[in-house]
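Structure first, then comments.
The values are calculated or read from the model by the stated rules, or taken from the named source; none is laboratory data. Just so it is clear, the model here is predicted, and its values are computed rather than measured. Cβ atoms come from the backbone with ideal geometry, glycine included; neighbour counts cover every protein chain shown.
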Amino acid sequence: MSAPTQPGPMSIPAPRTPQRNSQRSNLELYSWLFMRISGIVLIFLVLGHLLIMNVLDGGVQRINFAFVAGRWSSPFWQTWDLLMLWLAMIHGTNGMRTIINDYAERDQTRFWLKMLLYVASGFTVLLGTLVIFTFDPNIG
Amino acid sequence: MTATVETPAFAAPVASEVTFRIRRFQPELDEEPHWEDYTVALYPTDRVLTALEKIKGEIDGTLTFRRSCGHGICGSDAMRINGRNRLACKTLVKDLDISKPITVEAIKGLPLEKDLVVDMDPFFAAYRSVLPFLIPEGHEPSKERLQSAEERARFDDTTKCILCACCTTSCPVYWTDDQYFGPAAIVAANRFIFDSRDAGAEQRLEILNAKEGVWRCRTTFNCTDACPRGIEVTKAIQEVKRALIFRRV
């Protein structure tokens, strides 16, 4: 009735005895909800961004250092870009976390893949935030 | 027979040769499962279960599979037929493409024991862990638990489950994550969460809010497609998610 006496032929091991301890946490609920809400917000932010950058007012040809400097002198565009950066990065990281949970079979692999993911996305978020706030239009 | 010489309105059914490609595994003989072909004569109205019984009775008596009622109620003969989870007793030959061999294998995600038989213990362990029984309020019953037709209709869909494991073993999350409850357990929880007579909804929602609970569902609809009882399984899971979000957030 319990684990088979000989190793099964299937690629999966006999499922472990359920270890469903009742740690009370709404983490999975909030991350599920976050994916939906950030997805909707990102549709407007990203499509708006693409429209402004590539289509309106001369399109991609007019983008240069001065254009970027001009935009980031306004708190509105700073907030827009910051929001886009954070939402997209957390949305993507959470999605990758789910995919790793789905596909990495060994606990060790899963742990290290997730660590790599968190470090990489943390670094990107920090770097992006730093650039948005410390951008110096007089450089160079 | 009286003398009726006119051509009959219905043509007599014709049996045709149908090949079944069955994934065999005999733990005392085989290292690995392998495919084997069997050809039997079947009528279009025959079931896949009939074919398996013919093969076992007439060709190879070692073929092992579960069956009990043979009428789609006991949920014993869930198997993967042409890559889809189906009950062998509810799948008719006329609904399959018999120009190619029909593949039959055990359901995935549970340990294979022999041929088409898997170890169902993890499946029932998940089922038991959502408390699939009525949890009454106070010291009842002191009188009948009355319920309106509307209240009964609220959870009617999920009462149809026969615990065949077609849905759970069609779920790609369940294949890789053996701690996930799986669709069938969530259907069982849904059946009591939305029952007006039951007082255990909070408890069950708490259980399904865990890391391996409803939030692992990826909404692939494999479960809804697989259910031989026509339960909208994915919808039932979404209802539990909604209950979690709107009651407690």
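Which of (1) facing another protein chain (nearest Cβ under 10 Å); (2) within 27 Å of the chain's Cα centre (by Cα); (3) at pLDDT below 85 does A:Val55 not meet, given it meets every other one?
Among (1) facing another protein chain (nearest Cβ under 10 Å); (2) within 27 Å of the chain's Cα centre (by Cα); (3) at pLDDT below 85, the lone unmet condition for A:Val55 is (1).
So, in region A:69-95, exactly how many residues are free of Cβ contacts under 8 Å to residues at least 24 places away in the same chain and surrounded by 14 or more Cβ atoms within 10 Å (Cβ to Cβ)?
2
Can you say whether A:Ala88 is over 30 Å from B:Trp215 (Cα atoms) and either at pLDDT 95 or above or outside any loop (DSSP other than H, G, I, E, B) (or both), as far as the supplied structure shows?
Numbers: over 30 Å from B:Trp215 (Cα atoms): no; either at pLDDT 95 or above or outside any loop (DSSP other than H, G, I, E, B) (or both): yes.
Considered against the rule, which asks whether it is over 30 Å from B:Trp215 (Cα atoms) and either at pLDDT 95 or above or outside any loop (DSSP other than H, G, I, E, B) (or both), A:Ala88 comes out as no.
Please state which one of B:Pro44, B:Pro13 is outside any helix (DSSP H, G or I), more than 14 Å from chain A (Cβ to nearest Cβ), in contact with a Leu (Cβ under 9 Å, 6 or more places away or on another chain) and surrounded by fewer than 20 Cβ atoms within 10 Å (Cβ to Cβ).
Numbers: B:Pro13 fails: in contact with a Leu (Cβ under 9 Å, 6 or more places away or on another chain).
Answer to the check: B:Pro44.
This table checks each residue for (1) without any contact (Cβ under 8 Å) to a residue 40 or more places away in the chain; (2) crowded, with 20+ Cβ neighbours inside 10 Å.
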site	(1), (2)
B:Ala106	no, yes
B:Gly109	no, yes
B:Glu113	no, no
B:Pro132	no, no
B:Pro136	no, no
B:His139	yes, no
B:Arg154	no, no
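Of the residues B:Asp97, B:Asp30, B:Asp37, only one is among the acidic types (Asp, Glu), part of a strand (DSSP E or B) and farther than 21 Å from B:Cys171 by Cα; which? Let's see the steps before the verdict.
Working: B:Asp97 fails: part of a strand (DSSP E or B); B:Asp30 fails: part of a strand (DSSP E or B).
The match here is B:Asp37.
Table: residues versus (1) within 30 Å of B:Thr91 (Cα to Cα); (2) surrounded by fewer than 21 Cβ atoms within 10 Å (Cβ to Cβ); (3) not basic (Lys, Arg).
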site: B:Leu163; (1), (2), (3): yes, yes, yes
site: B:Asn190; (1), (2), (3): yes, no, yes
site: B:Phe194; (1), (2), (3): no, yes, yes
site: B:Glu206; (1), (2), (3): no, yes, yes
site: B:Phe221; (1), (2), (3): yes, yes, yes
site: B:Lys235; (1), (2), (3): yes, yes, no
